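A short write-up of the structure that comes next.
Nothing in this text is a laboratory measurement; each read-out follows from the coordinates by a stated rule. Keep in mind the model is a prediction, meaning the values are calculated, not measured. Here the Cβ is made from the backbone with ideal geometry for all residues, glycine too, and neighbour counts use every protein chain on show.
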Amino acid sequence: VLDLQIKDTFEVLIKFSVCALVSESLAANEPIAETGRGILREFLHKIPALGHWAGALERIRKDKAARGLRTYPLVAPLGGLGKIVEWRNDRIGHGAARFADEETFQKELEEQIVRLKCYFKKLSTVYDRWRLSWEQGDLSGHESMQTIHSKGDGSHPEETGHVFLGCKDDGNSVGLYPLLRLQTCRECGYRDLFFFDSRKASVVLHN
């Protein structure tokens, strides 16, 4: 279970970082705006695997123009994530762990935990400057989410909400749609976040 939790943590770290940088770049001046548009165009014409997300992160992280973005500090410490994706694909794949022997895998797992701790130590003060929200309020903390519908007789109609990343320093915010979407229910407290998955015809799909 721990190996899959680490896999999910790396995946969220990579995807959320891309959401923040690309979304802000789209509203910025050239040339960084074109970098963001290029990444979004590529995503809209394929089903991006985690390697594509990691590649997009490195591409925009290394762009000198990106250093002027307010969200850049969120990704500045994240170099080397591509190697983690390679480890994830080789050892864990899409859910089933693969390893030659338990001792080797345990050692590799510990290395990834240390790497994660280093990332979050560097990011701890950076994340304090930001607030995640939607049209009706705050989305900070796990208590703001309810990932399953409450039981009841209702039909649980779902609605799409737009997510915003706000900077506490100046009060400005960045809209994260279509790379990140909030799904809510009027009948219960269901509220969950979904990353961009692909586009089918004119419909943007998330998972």
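Points to keep in mind about this one:
- By other beta-carbon atoms within 10 Å, ranking C185, C19 with the fewest at the front produces C185, C19.
- Neighbourhood charge, 11 Å Cβ-Cβ cut-off, centred on D128 and excluding it, Lys, Arg +1 and Asp, Glu -1: +2
- Other-chain or far-sequence residues with amide H under 5 Å of W130's (modelled H): K168
- Gaussian network model of the chain, Cα within-10 Å springs - most flexible of F105, F164, F196: F105
- The GNM of the chain, with springs linking C-alpha atoms under 10 angstrom apart, assigns the highest mean-square fluctuation among V174, V114, V22 to V114.
- C185 sits among other residues whose Cβ lies under 10 Å from its own Cβ, and their net charge, with Lys and Arg +1 and Asp and Glu -1, is -2.
- Under 5 Å, built H, 5+ apart or other chain: amide partners of D197: L205, H206, N207
- Most mobile listed residue (G166, G137, G38) in the chain, GNM with C-alpha springs under 10 Å: G137
- Span-like helix ranges in the chain, DSSP H, alpha carbon extent 20 angstrom or more, Kyte mean at least -1.0: 2-26, 102-127
- Protection proxy ranking, highest mean first, for peptides 61-67, 124-130: 61-67, 124-130, where packing is the per-residue count of other beta-carbon atoms within 10 Å, averaged.
- Environment charge at D169 (Cβ cut-off 15 Å; Lys +1, Arg +1, Asp -1, Glu -1): +1
- By the count of other C-beta atoms within 10 Å, a proxy for reagent exposure, E24, E111, E159 are ordered fewest to most as E159, E111, E24.
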